[in-house]
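Every read-out reported here was derived from the displayed coordinates using simple, explicitly stated rules and does not represent laboratory data. These numbers were taken from a predicted model, which means no experiment stands behind them. Ideal geometry is used to build each Cβ from the backbone, glycine not excepted, and the neighbour counts take in all protein chains shown.
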């Protein structure tokens, strides 16, 4: 097993904010209990175990790797631009996107109940929307966890709705190639299941390329198995009246005048590194590699 790069306490502190962020909103009797929340010790242990397994693989064959990275990056950009483009013939995506923009004018995305509120409002406007809650157990490759997202069924297709999908793919110290991919993401993503699967596969491959190019281990919460579990594992779809009534009353009490603007994040990387405040998973990843107390040489 490889050496442990940082103390558990330091890692736990760095990850504490993210644990609070991913807790599901309150939607009545269909909520998961507190014992279903992600186990922090499992997350850290999985990272440390995986680090030991891959220690010998890092640094092998990097001489020819940069050329492959450049070629794949241009192809990935083209694929993402096609998926995120509004030039297609799927008008339903544009309709849903406009409805979401209206909801965002009245509500702050940062509230814990926002996804439930958005689902409720879409249903009020006649859409077959649902709040999907999924959870998965820990295995040898990645830790257990839970996640929730919105889907909309229309004309035999299932559309996934995500606000700020780009946040799910942020990593520590991304190289320029990876930053260029993040800049393509729209603030509001509405796409079919197969399109999201393609985005996840593509971005997880890009994560691997970015982190290995600077000899960083890939944390378990950014591996493709963990990312796929968020949207493609078994889920519980909530559309009941309890959730609708609660979120509708919350909508009425929290309306504001004007648009709650969200600044788009710039992913300009100087010297292949991003200079921005540490937050969430980004802070946890940095905790493993930052110089300072707790680092074992």
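Things to note:
- By the count of other C-beta atoms within 10 Å, a proxy for reagent exposure, 127, 92 are ordered fewest to most as 92, 127.
- Label-reachable residues, segment 146-167, where backbone N falls under 16 Å from a point 7 Å from residue 225's Cα toward its Cβ: 146
- Sorted by Cβ density within 10 Å, fewest first, the residues 96, 188: 188, 96
- Packing-based exposure ordering (other Cβ within 10 Å, fewest first) of 226, 159, 235: 235, 226, 159
- When the square roots of the Cα gyration tensor eigenvalues are ordered a ≥ b ≥ c, the ratio a/c for segment 70-141 is 1.5 or more and a/b does not exceed b/c, which makes its shape oblate.
- Label point at residue 84 placed 7 Å out along Cα→Cβ; residues across segment 134-173 whose backbone nitrogen lies under 11 Å: 164-167
- Look at the alpha carbon pairs under 8 Å that are at least 6 residues apart: their mean separation over the length of segment 90-189 gives a relative contact order of 18 percent.
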